[in-house]
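Below you'll find the structure, written out as structure tokens, and then a few comments.
The values are calculated or read from the model by the stated rules, or taken from the named source; none is laboratory data. Given the structure is predicted, the values throughout are model-derived calculations rather than measurements. Don't worry about glycine lacking a Cβ; one is built from the backbone with ideal geometry, like all the others, and counts go over all protein chains shown. Note: areas computed on protein heavy atoms with side chains; ligands, DNA, RNA excluded. Shrake-Rupley method; radii C 1.70, N 1.55, O 1.52, S 1.80 Å.
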Amino acid sequence: MNYKQLIENIDKERMPKHIAIIMDGNGRWADAQNTNRINGHKQGVLAVRRIVETAVEAGLEYLTVYAFSTENWRRSKKEVNYLLKLIMDSLVKEIDDLIANNVIIRFIGSKEELEKNYNKKVLNTCKSSWKNTGLHLNVAMNYGGRRELIDAFKLMSDDIISGKISKNLINDEMISNYLYTAYMPDPDLIIRTSGEERLSNFLVWQSAYSEFWFTKTLWPDFSRQEFIQSILDFQERKRRFGSR
Ligand code: FPP
């Protein structure tokens, strides 16, 4: 069945609001093709494009992709530099198409370590999309879930000390709104490709009640059909949020 037919099977009433993806397996894809890791990442970008388009067609509200983690700095300098440049350049290159598709782009992650000019480019690229009203695309860049919590605790303690908020008012909602994903819904569904089945410091606070969907497919091969299938499978699940 082609993916457009599959989209027809989605129950619009039970559409996940927010899907987050751990895009894994670019390196293994490259190994399997006897090519270098850089080509794996290049193919990975094509997969991002495909999945963003499909998300727009399916009417998704929020899509978060894990592009570069706070742990990814441990890779070789060459791969790190290449990845950072690839992600930035791809976004700058795709921005017109993204805007034409009514996509709102945000970077979530720590600004530290990213070079100043990257930040500027990121901000300018994103800002031009903020008037849109369609899919919210979050690119997790220099993102770590624990780092996000540390940053939130720092901001929150500043606000307690300055008297802006009272310690007694701290609750789930307040903590959520100090995160990089402030005022966004938590992910209903988290997808991870390449056969690994772990969270790897992604959306640590936000994933408390998320459904997980794993596939052995390597990220560069992840298809539109598989993406829609993950939504259809999600719709079969019973979510209880701790109740019976
Ligand atoms: C995982 O493969 C992938 C990454 C660490 C980076 C993902 C980045 C992209 C797909 C680039 C494009 C992103 C945007 C938003 C334009 P891996 O290298 O960990 O693969 P392996 O586990 O097989 O070695």
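Relative to 2.2 N^0.38 Å, what does the C-alpha radius of gyration of the range 120-169 come to as a ratio? Two decimals please. Let's see the in-between values first.
On the way: Rg = 15.5 Å, N = 50, 2.2 N^0.38 = 9.7 Å.
Computed over Cα atoms of the range 120-169, the ratio equals 1.60.
Whenever you get a sec, compute what percent of the accessible area on the chain sits on carbon and sulfur atoms (1.4 Å probe). Could the numbers behind the result be given before it?
Numbers: 6650 of 13190 Å².
Ligands and nucleic acids excluded, carbon and sulfur give 50 percent.
Search the structure for amide H atoms under 5 Å from the amide H of Ile104, placed 1.01 Å from N in the peptide plane, and list their residues when 5 or more places away or on another chain.
Here the answer is Gly134, Leu135, His136, Leu137, since their amide H atoms fall under 5 Å of that of Ile104.
Could you pull out the GluC sites (Glu not before Pro) across the range 70-101 that fall in loop regions by DSSP (anything but H, G, I, E, B) with no more than 14 other Cβ atoms inside 10 Å? Numbers along the way, then the final one.
Numbers: sites: Glu71, Glu79, Glu94; in loops: Glu71.
Passing both the DSSP loop test and the Cβ count: Glu71.
Students often forget the sequence filter, so: which lysines lie under 26 Å Cα-Cα from Lys42 once same-chain residues fewer than 8 apart are removed?
Leaving aside lysines fewer than 8 places away in the same chain, those within reach of Lys42 are Lys4, Lys77, Lys78, Lys85, Lys93, Lys111, Lys116, Lys120, Lys121, Lys127, Lys216.
Quick one: length gained pulling Ala208 to Glu13 fully straight, 0.36 nm per residue minus the C-alpha distance? Intermediate results must be reported in sequence, preceding the final value.
Numbers: separation 195, 0.36 × 195 = 70.20 nm, distance 2.26 nm.
Answer, rounded to one decimal: 67.9 nm.
As a test of understanding, state the convex hull volume per residue of the range 1-65 from its alpha carbons, in Å³.
93
Please report the equivalent ellipsoid semi-axes of the range 137-235, computed as sqrt(5 x eigenvalue) of the Cα gyration tensor, largest first, in whole Å. List each step's numbers first, then the result.
Details: eigenvalues 217, 37, 21 Å².
Taking √(5λ) for each eigenvalue gives 33, 14, 10 Å, largest first.
With a Cα-only, solvent-free Debye model of the chain, what are the log10 I(q)/I(0) values at q = 0.13, 0.17 Å⁻¹?
Log10 of I(q)/I(0), two decimals: -0.84, -1.43.
Ordering Trp213, Trp130 from largest to smallest accessible area (1.4 angstrom probe), what's the sequence? Could the numbers behind the result be given before it?
Details: Trp213 25, Trp130 110 Å².
I get Trp130, Trp213, largest accessible area first.
Using the heavy atoms of the protein chains and a 1.4 angstrom probe, tell me the accessible area per residue for the range 1-125 in square angstrom. Walk me through the numbers before you get to the answer.
Values: 6760 Å² over 125 residues.
With all protein chains present, the range 1-125 gives 54 Å² per residue.
May I ask you to compute the full-extension gain from Asn34 to Lys116, defined as 0.36 nm times their residue separation minus their alpha-carbon distance, rounded to one decimal in nm?
Numbers: separation 82, 0.36 × 82 = 29.52 nm, distance 3.57 nm.
My answer for the length gained is 26.0 nm.
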